[in-house]
Amino acid sequence: MPFLGIWAQAATGEPSTLLKWLVLLGDPQVTTSSWIGGPLTWAKFLGLLCLLSWILVQLYYALRGPDRLDVARRGPGPAAYGLLVLLGLSVATALVSVLEQNRRLVLPPIGPLNLAGYSVGPFTVTDLLLAALGLVGLVVLEIALWSSLARGSRGGRALLVLLLHGAIAAGVAVYYFVQLAYRQSRGLSPVLESADLLAVLLNGIRYGATYAGLICLVFYAGSFLGEARHVRWRRLAAIAWHTIVESFRRTRAPWAVLALFVVVLAFTNWFLGRGRVAELARIFVSTLSVITTFLLMIMIVLMAPISIPNDIRQQTIYTVVSKPVRRLELIWGRLIGYMAVVTFLLAILGGVSLLYLNGVVGGRVRTTREAALAALNQGRVEEARRLDEAATQLSNRLSARLPLYGSLLFYDSRDRPRMRGVDVGSEERRRSHVEGATPARAIWRYDIVPDPANPSRPVDRRLPVNQLLRPGSLEALENRIVELQLEAQNIERRLTLPDTKPAEARRLNERRQAINAELNSLTPQFEERRRQEQDLIAKARQAEAAGNRQEAARLREQAAAMHSPDIPVEMTFSVFRTTKGVLGEAVNASLVVRNVNRPEVPESRKLFPVQEYYTRRESFPARLLVGSAGRIHMIVQCQSPTQFLGMAENDLYVLANQGPFWTNYLRGLSGIWLQALVMTAVGLFAGTFLSWPVALLLTLAAYLGGQVAFGFLDLFARGQVAGGGPFESLLRLLGHENLSTDLAPTASVVAAQTLDRFFTPIMSSLVYVVPNLNALDVSDTVASGFAVTGRTLLEQGLLGLGYALPFTVAAFYILKNREVAA
């Protein structure tokens with residue numbers, strides 16, 4: 001019945017809400033910008049993994065037979081022969097495809113094929129081999145499924161098989177309705193052509209596989225929740241405590257971590273203390289984070305994957321599983337125990353690191369300021385300024401700055417908008433440049449702007465005015481009054497519209513009355529505080545005239561306290577010099593800040609010299625935010641002729657807040673904790689079905705892949721690696737060939753490309769399995785002196801849990817089906 005409703009909506013060219021949701025659920029590449037988009041994409045990905053694992057399990061049981069001796073007694077079954085045929089067809093398809101691509105094999109296309117009155121074709125040999133490959137794969141899968149059911153399976157598995165087949169059929173039907181709605185909306189004939197039918201079949205199977213994956217996910221989740229319902233915290237705590245004791249007493253790995261950290265820390269200042277003063281904080285914080293991460297990861301890689309294999313080898317696990325301890329409790333108890341050890345070590349290493357940073361880097365800040373003061377007292381003004389600037393840069397890195405970024409837009413010297421500035425040929429491709437002494441400029445827009453990744457979608461980059469203005473200040477009161485007046489004008493305009501409904505008009509009138517009441521309250525308050533400020537300024541002038549400068553300064557401070565402080569803006573620009581110019585002369589730049597909503601408000605203009613690799617802080621009056629609704633434009637120009645000013649979008653930002661460093665550093669340690677959580681889950685997963693040497697190597701490979709090679713895996717999965725696949729790259733390496741030249745189609749090259757064509761899809765899937773540990777690392781943010789926000793912690797916590805939970809669930813199912821007590 002639901003499909004009849006979909007058909008009725010699709011026939012009119014207007015897809016129903018149900019059809020849109022079915023497309024959202026069925027297409028792995030389709031998501032939504034709402035909060036449900038991320039969890040739904042994660043569920044579809046996990047569902048496909050569940051479907052793949054379920055199929056592999058059925059193939060394994062089909063190959064093994066009813067018992068382990070069945071294959072030896074009766075020989076391989078139809079599924080084994082089908083897999084051999086499938087493997088041979090895969091290699092043949094890859095070989096023919098490579099030969100056709102290299103023009104070593106030229107075969108005429110096969111004529112069209114008539115199917116149910118449709119003429120489909122013409123086909124190439126590769127197309128037919130792919131079709132045969134898919135057909136054989138489908139037959140092998142069906143044999144495996146039904147032979148598994150023939151072994152006396154329970155009704156739940158039979159129902160699951162029927163639901164999976166129904167999901168595939170539903171996917172084909174949904175994509176057919178999608179195509180029908182598309183053709184109706186374009187005014188095309190509802191009769192699909194042969195090529196469209198083939199697309200419906202292939203994409204429908206893709207939709208159906210996603211639906212089947214979601215069904216498998218629900219199946220596994222139900223079984224897992226049924227197991228989790230019996231988990232008891234006392235048993236988890238007992239296993240966790242046993243893991244902690246075993247870590248400290250048997251392996252002694254935590255003590256080794258502490259000893260190595262102290263030894264490395266003792267010599268760190270010898271190698272890192274000689275750099276530029278402004279960069280010391282970043283260097284020391286990054287180094288300490290790398291050392292902490294490396295030591296903890298090595299400890300986890302060495303302990304987690306060998307724990308369960310050692311218990312099985314030493315037969316100590318038999319005592320545990322023979323008691324009322326569930327397999328899930330064994331996995332989670334181990335995980336909790338190892339993470340308790342990691343938490344204990346992180347607390348010690350983090351505390352020692354903070355004391356070390358306070359002594360070394362904080363001490364350098366104090367000595368630099370003392371040197372600046374001494375130089376100023378001796379009349380060396382330039383040296384004093386340089387030392388004070390270095391101390392300020394260093395202290396800013398030892399903080400938690402909260403930046404507010406805008407959207408960068410360039411205008412060239414002919415006043416034409418550009419997404420990027422001038423390319424000066426520098427190796428630093430992140431920045432582009434603005435030409436000096438020309439109308440060329442860079443504008444940071446704090447406004448509703450198009451998303452650079454998707455221009456059709458707007459992004460809100462407006463400044464949070466209420467957060468930047470001090471509550472109760474004159475600017476905050478005036479801004480609230482202007483906002484209310486603008487809202488009242490908008491209400492008046494909407495009431496004059498002829499299509500305004502009575503209910504809406506009544507609601508607007510009620511809102512107008514509330515606005516008038518608030519205005520009647522705020523306006524006298526604002527005028528009274530304005531009079532108080534004017535009285536304080538007048539008294540300060542009288543005190544100055546009387547020679548009482550101390551009293552005048554106090555009164556002016558009281559008047560200034562009634563205003564919001566200036567809004568700080570930090571920027572880091574680079575300079576590309578085309579001429580040497582005057583030796584020692586700085587390149588000058590200008591910063592103009594404008595209120596887009598109220599052009600009548602005077603703009604703020606600053607002229608300053610650019611110091612490369614230094615973060616310069618300027619400010620603009622808070623009154624520019626009054627009535628702006630967060631819409632502010634900041635315009636930067638290079639004022640020095642024949643010079644170029646380099647910048648990127650994140651090089652300029654409004655500083656919303658600046659918190660303490662120690663809390664930010666502790667937040668940064670959460671990234672290391674999450675990496676340890678993921679690697680512990682990977683190690684326990686590997687230990688459930690592998691011997692300890694292989695499990696250790698697999699865990700180490702997962703760590704290196706997620707920490708070092710994930711960027712390469714991502715490029716490899718998208719086919720953006722120069723030089724071809726791994727086998728072709730090996731031939732290029734041995735033959736000293738460059739990456740861009742096409743290789744001659746020799747026998748070795750064809751063989752290498754065939755192997756690449758066969759193994760590349762398998763290797764590309766690693767990017768979806770190997771955890772991206774770099775995404776959990778926030779040490780660079782902490783080292784740069786920027787705040788790790790609560791939103792970042794929440795996103796990273798969900799990401800770490802999204803990696804760790806599937807590995808622990810997979811470990812539970814493997815351990816559940818493994819005979820560990822026999």
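The values are calculated or read from the model by the stated rules, or taken from the named source; none is laboratory data. Nothing here was measured: the structure is a model prediction, and the numbers come from that model. Please note: Cβ atoms are built from the backbone with ideal geometry, for glycine as well, and neighbour counts cover all protein chains shown. In case anyone asks, the SASA skips ligands and DNA or RNA and just uses the protein heavy atoms, side chains included. Shrake-Rupley method; radii C 1.70, N 1.55, O 1.52, S 1.80 Å.
Assorted remarks:
- Share of carbon and sulfur in the accessible area of the range 323-449 stands at 57%, probe radius 1.4 Å.
- Relative contact order (percent, whole number), the chain, Cα cutoff 8 Å, 6+ residue spacing: 15 percent
- Around the amide H of Val575, modelled in the peptide plane, lie the amide H atoms of Gly646, all under 5 Å away and 5 or more residues distant in sequence or on another chain.
- Ordering of 684-692, 771-779, 708-716 by burial proxy (mean other Cβ atoms within 10 Å per residue, highest first): 684-692, 771-779, 708-716
- By the rule of a C-alpha distance below 20 Å, with chain neighbours fewer than 8 residues away ignored, the aspartates and glutamates paired with Lys501 are Glu487, Glu492, Glu510.
- At q = 0.20 Å⁻¹, base-10 log of I(q)/I(0) for the range 581-674 (Debye sum, equal scatterers on each alpha carbon): -1.03
- Relative contact order computed over the range 447-520 (Cα-Cα under 8 Å; 6+ residues apart), in percent: 18 percent
- log10 of Debye I(q)/I(0), alpha-carbon scatterers only, for the range 470-561 at 0.11, 0.18, 0.24 Å⁻¹: -0.50, -0.82, -1.08
- Rounded percent of accessible protein surface that carbon and sulfur make up, the range 594-666, 1.4 Å probe: 52 percent
- Cα gyration tensor shape of the range 673-822, rounded if a/c is under 1.5, else prolate or oblate by comparing a/b with b/c: oblate
- Globularity ratio of the chain, using Cα Rg and 2.2 N^0.38 Å: 1.20
- Annotation: for a label point projected 7 angstrom from Cα along Cα→Cβ of Ala237, residues of the range 340-372 with backbone N closer than 18 Å are 340-341.
- Within the range 398-477, the proportion of C-alpha pairs whose separation exceeds 15 Å stands at 70%.
- Gyration tensor (alpha-carbon) shape descriptor, the range 311-420, a/c threshold 1.5: oblate
- When the solvent-accessible area of the range 470-561 is split by element, carbon and sulfur atoms take up 48 percent of it, the probe being 1.4 Å.
- Its Cα centre serving as origin, the chain has a Cβ charge dipole (Lys and Arg +1, Asp and Glu -1) of approximately 1660 debye.
- The residues of the chain have, on average, 53 Å² of accessible surface per residue, using a 1.4 Å probe with all protein chains present.
- Debye log10 I(q)/I(0) at q = 0.09, 0.12, 0.16 Å⁻¹ for the range 513-643, Cα point scatterers: -0.47, -0.74, -0.98
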